[in-house]
Amino acid sequence: MISLSSQSRIFIHALPTDMRKSFDGLCGIVKGDFHKDILEGDYFVFFNRVLDRCKILMWDRDGLVLVYKRLEQGCFQRVPGDGQGLAIEVDLTTLTLILSGIDLDSAKRRKRYQPDRLGAPAA
């Protein structure tokens, strides 16, 4: 398994993705649906319709990296979106839970300090 940085932003595509897409096709989704630049270092996660396959696309200093996971049994859990867009931002813990097959509805988070994105303490 690759190690993902907790400093990077992780975006999940809200719609099912054709898993035949490779680097160029997924970069097109990043640009068109996410309205992001792949070179910024964010991670982009894509699931197929039946939720048994997942691709993660990221930029690694000098080239694109594509990680592909196919489940032999079971399926991934779809993250509920807010209905506002095609990109659902999650943290590293949530992505790890999804990839590990842990039900997000039964997992309970304890309260923790979380600074906002600009560096000021959250209210």
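The values are calculated or read from the model by the stated rules, or taken from the named source; none is laboratory data. Note that the structure is predicted; figures quoted are calculated from it, not measured. Neighbour counts run over all protein chains shown; Cβ positions are idealised from the backbone, glycine included. Remember, those area values only see protein heavy atoms, side chains included, never the ligands or the DNA or RNA. Shrake-Rupley method; radii C 1.70, N 1.55, O 1.52, S 1.80 Å.
Numerical summary
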quantity	calculated
Residue within segment 66-79 that is modelled with pLDDT under 90 and open to solvent by 50 Å² or more (accessible area, probe 1.4 Å) present	yes
Filter pass, Tyr43 being among the aromatic types (Phe, Trp, Tyr) and open to solvent by 70 Å² or more (accessible area, probe 1.4 Å)	no
Residue within segment 23-31 that is open to solvent by 50 Å² or more (accessible area, probe 1.4 Å) and assigned to a loop (DSSP other than H, G, I, E, B) present	no
Any chance Glu89 is at pLDDT below 95, within 22 Å of Gln7 (Cβ to Cβ) and loosely packed, with under 13 Cβ neighbours inside 10 Å	no
Cβ pairs under 8 Å, 6+ apart, first in segment 86-103 and under 15 Å from Arg9 (Cα atoms), second loosely packed, with under 15 Cβ neighbours inside 10 Å and among the acidic types (Asp, Glu)	Ile88/Asp82
Given (1) more than 22 Å from Cys27 (Cβ to Cβ); (2) in contact with a Gly (Cβ under 8 Å, 6 or more places away or on another chain); (3) open to solvent by less than 50 Å² (accessible area, probe 1.4 Å), index of the condition Met58 fails	(1)
